[in-house]
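Before I ask anything, here is the structure I am working with.
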Amino acid sequence: MPDTSLMDKIVSLCKRRGFIFQSSEIYGGLGSVWDYGPLGAELKRNVKNRWWKSVVQERMDMVGLDCAILMHPQVWKASGHVDGFADPLVDCKECKKRFRQDNLTDTKDPDIRQCPSCGAKIDLKTSPARMFNLMMKTSLGAVEDASAVTYLRPETAQGIFVNFLNILDTTRKKLPFGVAQIGKSFRNEITPGNYTFRTREFEQMEIEYFVKPEEDDKWYEFWINERFDWYIRYGINKENLRIRPHAKDELAHYARACSDIEYKFPFGWSELEGIANRGDFDLKQHSQFSGKDLSYFDAGENKRYMPHIIEPSGGVDRAILAFLVDAYHEELVKDETRVVLRFSKELAPIKVAILPLLKNRPELVGMAKDIAEGLKKDINLVYDDTAAIGKLYRRQDEIGTLYCVTVDVQSLEDKKVTVRDRDTMLQDRIDVTQLKEYLINKIS
Ligand code: GAP
């Protein structure tokens, strides 16, 4: 059973505490487009930085890239998106809504489908499906004619393929090697939904890993395991992850094989990331359409061939949603419900909160502010004196802050502060002169 109440709680927390806002909310919102608030922006940066560190910085066989969103329109011809990136849509004459054909219910008659919301029957003979391309069109320059049309990229991958020669020339990499990129993609999704799970503007974290043709199976398996483990390393419970290989009839036009890493969202098991074996489809297509030879010269074997490509392709927004859902815990503490986001120390948006016990004692406030000043260069922290201490702790638990440092009356005398751990709620009394080292040891 989908747990809609858990999803409602997470959506409400994200809005209330500044993780995620609806786009253009004061104008009534824009469908399926979301903004990240102050805490969401920190969380997002942490997720992207950890991905980049794992797949670029810590690997000698990978380099990074950052391509433009706009590309030559021929790219999308070669990639197959102009002709193939489309969903079949059917209009319902009763409720006047438009549906994806595969979301309608079959009936005994293969031409008749039933509408999910209004229940009307649709006759595909009189209301045939029409293909609707998911790419967002735009035009470049002052004249809006057909020659000016291009698209907002629907995936970041193509920027990597078309730069293959530039990367070979500038980095002198030998197979196997990979290129990683993080960036925005756009799709005019017909059935967006489930909060930030399926949106029209989203961010991808993609790797294109170039291999010798005979080694593609090995690297395909390698990357499935590597990416599965990454989510666990940063806090996802293994029980909530699974690998689902695609059936032959599910494969995209470019893929020889594909497996999804799925997360058990409150609305059911759904795709977090796909790992595809794209074979030599992309380099061949771009060679043909651009007239440039994108093959690779293997000096060891003294021959030229098209590398095969393994593509682990994840969504930043989906990863964030999974990390949020997995971190969300409610527990009973002294007959009260404590809501706590148990983010990993790497992903927690705020690492430390500095809290004076009494806000009307200027010496306490002064000491707490001095401590915050002394730490802020090394630790992402907040200072808060706008409520009583119990409430301040609850606020920090709810956003996943790792440690709360409390300055009390005793601190003025003994120059020690109380450090409270988010998960155990245990408290340590630490000398102010030792505080930075103590906290840095805990969070790094
Ligand atoms: N280059 C391959 C590719 O783009 P995809 O399965 O269409 O493959 C890869 O997308 C990942 O991008 C998905 O696993 C998902 O995490 C993310 N993604 C795709 N469409 C999305 C959307 N409409 N909203 C949010 N994330 C999306």
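The values are calculated or read from the model by the stated rules, or taken from the named source; none is laboratory data. It should be emphasised that the depicted structure is a prediction, and the values quoted were computed from it without experimental measurement. Cβ sites come from the backbone with ideal geometry, for glycine too, and all protein chains shown count toward neighbours. For the accessible areas, the whole protein counts, side chains as well, though only heavy atoms, and no ligand, DNA or RNA atoms are used. Shrake-Rupley method; radii C 1.70, N 1.55, O 1.52, S 1.80 Å.
If you roll a 1.4 angstrom probe over the protein chains with everything in place, what fraction of the accessible area of the stretch 350-443 belongs to carbon and sulfur, to the nearest %? Could you put the intermediate results ahead of the total?
Numbers: 2370 of 4650 Å².
The computed percentage sits at 51.
Continuing with the same structure: Take the cross-link list Lys48/Lys351; Lys121/Lys248; Lys77/Lys292; Lys377/Lys436; Lys345/Lys376; Lys48/Lys284 and give me the ones stretching past 19 Å between alpha-carbons. Each step should come with its number before you reach the end.
Working: Lys48/Lys351 17 Å; Lys121/Lys248 30 Å; Lys77/Lys292 16 Å; Lys377/Lys436 11 Å; Lys345/Lys376 17 Å; Lys48/Lys284 31 Å.
Check vs 19 Å cut-off fails for Lys121/Lys248; Lys48/Lys284.
Of Ser117, Leu104, Ala86, which is farthest on the positive side of the dipole of the stretch 86-133, counting Cα position, with +1 on Lys and Arg Cβ, -1 on Asp and Glu Cβ, and the Cα centre as origin?
Looking along the dipole axis, the top candidate is Ser117.
Here is a follow-up. Could you please state how large a percent of the accessible area of the stretch 142-190 is carbon and sulfur, counting protein chains only and using a 1.4 Å probe? Please report the intermediate quantities before stating the final value.
Details: 990 of 2040 Å².
Taking all protein chains in place, the stretch 142-190 shows 48 percent carbon and sulfur surface.
Here's something else I'd like to know. Summing Lys, Arg as +1 and Asp, Glu as -1, what charge do residues with Cβ under 14 Å from the Cβ of Ala120 carry, Ala120 excluded?
Details: positive: Lys93, Lys96, Lys97, Arg98, Arg113, Lys121; negative: Asp91, Glu94, Asp123.
Taking every other residue near Ala120 into account, the sum is +3.
At 7 Å along the Cα-to-beta-carbon direction for both Asp35 and Glu301, put a label point, then send me their distance in nm to one decimal.
5.3 nm
Right, another one. Under 1.5 on a/c is rounded, so check that first for the stretch 350-443, then, if it is not, pick prolate when a/b is larger than b/c and oblate when it is not; a ≥ b ≥ c are the square roots of the alpha carbon gyration tensor eigenvalues. Please report the intermediate quantities before stating the final value.
Working: a/c = 1.40, a/b = 1.10, b/c = 1.28.
Judged from the Cα gyration tensor, the stretch 350-443 comes out rounded (a/c under 1.5).
Relative to the first principal axis of the alpha-carbon coordinates of the chain, what is the inclination of helix 389-399, with its axis defined by its Cα atoms, in degrees from 0 to 90 and to the nearest 10?
Here the helix axis deviates by roughly 20 degrees.
Right, something else. Treating only the Cα positions of the chain as identical point scatterers, give the base-10 log of I(q)/I(0) from the Debye formula at each q in 0.07, 0.08, 0.10, 0.11 Å⁻¹.
Relative scattering, expressed as log10 I(q)/I(0), comes to -0.46, -0.59, -0.86, -0.99.
Now, a different point. Just to confirm a number: summing +1 for Lys and Arg and -1 for Asp and Glu over residues other than Tyr220 whose beta-carbon lies under 12 angstrom from that of Tyr220, what do you get? Let's see the in-between values first.
On the way: positive: Lys218, Arg227, Arg256, Arg278; negative: Glu215, Asp216, Asp217, Glu221, Glu226, Glu311.
Net of charged neighbours comes to -2.
If you don't mind, another one. Could you give the angle, 0 to 90 degrees to the nearest 10, between helix 281-290's Cα long axis and the longest principal axis of the Cα atoms of the chain?
70 degrees
So for each of 107-113, 137-143 I average, over its residues, the number of other beta carbons within 10 Å; can you give me the resulting order with the highest mean first?
Values: 107-113: 12.3, 137-143: 10.3.
Descending packing order for the listed peptides: 107-113, 137-143.
Percent antiparallel among DSSP beta bridges with both residues in the chain, to the nearest 5?
Working: 75 of 87 bridges.
Antiparallel: roughly 85 percent of the beta bridges in the chain.
Mind ranking 76-86, 144-154 by how tightly packed they are, going by the mean number of other C-beta atoms within 10 angstrom, highest first?
Values: 76-86: 17.0, 144-154: 14.8.
Peptide ranking by packing, descending: 76-86, 144-154.
Based on Cβ point charges of +1 for Lys and Arg and -1 for Asp and Glu, what charge dipole magnitude is obtained for the stretch 86-133 about its Cα centre, in debye rounded to the nearest 20?
180 debye
How large, in percent, is the carbon and sulfur part of the accessible surface of the stretch 86-133 at a probe radius of 1.4 Å?
Numbers: 1580 of 3180 Å².
Using a 1.4 Å probe with all protein chains present, the stretch 86-133 comes out at 50 percent carbon and sulfur.
Send over a whole-number figure in Å² for the accessible area per residue of the chain, probe 1.4 Å. Spell out each step's value before the answer.
Numbers: 21910 Å² over 444 residues.
Per residue, the chain has an accessible area of 49 Å².
Using per-residue counts of other Cβ atoms within 10 Å, averaged over each peptide, order 126-134, 280-288 from highest down. Present the calculation step by step, with values, prior to reporting the outcome.
Numbers: 126-134: 13.6, 280-288: 19.2.
Taking the mean over residues of other Cβ atoms within 10 Å, the ranking is 280-288, 126-134.
What relative contact order, as a whole-number percentage, does the chain give when Cα pairs under 8 Å and 6 or more residues apart are counted?
Values: 790 pairs, mean separation 55.6, N = 444.
Once normalised by length, the contact order is 13 percent.
If you don't mind, another one. Could you tally the net charge around Pro88, taking each other residue with its Cβ under 9 Å from the Cβ of Pro88, Lys/Arg +1 and Asp/Glu -1?
On the way: positive: Arg100, Arg130; negative: Asp87, Asp102.
Its environment carries a net charge of 0.
Something else: Angle between the Cα long axis of helix 38-52 and the longest principal axis of the chain, 0 to 90 degrees, nearest 10?
Tilt of helix 38-52: around 60 degrees.
Further question on the same structure: Mind running the shape call on the stretch 208-332? Use the C-alpha gyration tensor, a ≥ b ≥ c as the square roots of the eigenvalues: rounded below 1.5 for a/c, prolate if a/b tops b/c, oblate otherwise.
On the way: a/c = 2.86, a/b = 2.41, b/c = 1.19.
Cα axes put the stretch 208-332 in the prolate bin.
Also, quick follow-up: Can you give the relative contact order of the stretch 86-133 as a percent, counting alpha carbon pairs under 8 Å and 6+ residues apart? Write out the running numbers ahead of the final one.
Working: 76 pairs, mean separation 20.1, N = 48.
Normalised by residue count, the contact order of the stretch 86-133 is 42 percent.
Quick one: check the C-alpha center-to-center distance for the stretch 233-279 versus the stretch 311-359, whole angstrom.
One Cα centre to the other: 25 Å.
Does the stretch 79-234 come out rounded, prolate or oblate, given a ≥ b ≥ c as the square roots of the eigenvalues of its C-alpha gyration tensor, rounded meaning a/c under 1.5 and, failing that, prolate meaning a/b above b/c? Before the final figure, lay out each step's value.
Working: a/c = 2.47, a/b = 1.67, b/c = 1.48.
Prolate shape, in that a/c is at least 1.5 and a/b is the bigger ratio.
Between the stretch 3-55 and the stretch 145-208, what is the separation of their alpha carbon centroids in Å?
First find each Cα centre; the distance between them is then 22 Å.
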